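What follows is a set of notes on a single structure, which appears directly below.
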């Protein structure tokens, strides 16, 4: 983070699944039922002096009570059909989102090209939970998901996080959604933050738009005071 001049970051548990297995799952299907190490995330965040912000990585194969009982320790929720294989249309996913709605957490979702797990299914969740802020991770599905941008455009409670998407997708998201609905993300450690930062430098954005995407939107989603905005 220091190397890339990143002051703060939202973090979630990694290493839930071997990366080679995840790659195969994305193509061939399948899932795991292992739990993320959310305790390790809390430990790391506690040592960071406030620079790291913890999200709870939920396992839909478990009772939502696991999340509910610990929700106050975290700032948001992540659900990943890519890892656990439970569709966004499944009642187990809805139960987790209901908890997020109760505690005021944003929900970060990873969509994949599988029935019940697509961006259109995220849109249905956004419609069912209009008071929940959803973040579509990795600029949708694949590198050039312009369709995802169009699908979420009518739903103001859905933002797009840009890691992994092409520069052209990030540009289209800013133009079609507005800068207030686009979030910078790095997907570290799978992607070096400098690569994602270079993507935005190539767009030659105004300082105001870049500040919106890199800082202010995240503060708003997390319910933080914009008066603490960084230069």
Checking residue 133 against (1) on the phi > 0 side of the Ramachandran plot; (2) modelled with pLDDT of 95 or more, the condition it does not meet: (1)
Every residue from region 122-146 that is in contact with a strand residue (DSSP E or B) (Cβ under 9 Å, 6 or more places away or on another chain) and under 24 Å from residue 68 (Cα atoms): 122, 123, 125, 126, 129, 132, 133, 134, 135, 136, 137
Residue in region 165-183 that is closer than 30 Å to residue 98 by Cβ, within 13 Å of the chain's Cα centre (by Cα), at pLDDT 95 or above and assigned to a loop (DSSP other than H, G, I, E, B) present: no
Of all residues making up region 150-162, the number that are without any contact (Cβ under 8 Å) to a residue 40 or more places away in the chain, under 22 Å from residue 222 (Cα atoms) and outside any loop (DSSP other than H, G, I, E, B): 3
Any chance residue 153 is surrounded by 14 or more Cβ atoms within 10 Å (Cβ to Cβ) and either modelled with pLDDT under 95 or under 15 Å from the mean Cα position of the chain (by Cα) (or both): no
Options 63, 23, 80; residue that is over 14 Å from the mean Cα position of the chain (by Cα), over 18 Å from residue 101 (Cβ atoms) and modelled with pLDDT of 95 or more: 23
Test: residue in region 137-147 that is outside any strand (DSSP E or B) and modelled with pLDDT under 95: yes
Residue list for region 37-47, restricted to those being over 22 Å from residue 103 (Cα atoms) and in contact with a strand residue (DSSP E or B) (Cβ under 9 Å, 6 or more places away or on another chain): 44
From the options 145, 121, 113, residue that is over 15 Å from the mean Cα position of the chain (by Cα), within 21 Å of residue 187 (Cβ to Cβ) and surrounded by 17 or more Cβ atoms within 10 Å (Cβ to Cβ): 145
Meets criteria (within 19 Å of the chain's Cα centre (by Cα) and in a strand (DSSP E or B)) for residue 108: yes
Verdict on residue 42 being at pLDDT 95 or above and within 24 Å of residue 143 (Cα to Cα): no
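The values are calculated or read from the model by the stated rules, or taken from the named source; none is laboratory data. Please read these numbers as outputs of a predicted model, since none were measured by experiment. Note that each Cβ is placed from the backbone with ideal geometry, even for glycine, and that neighbours are counted across all protein chains shown.
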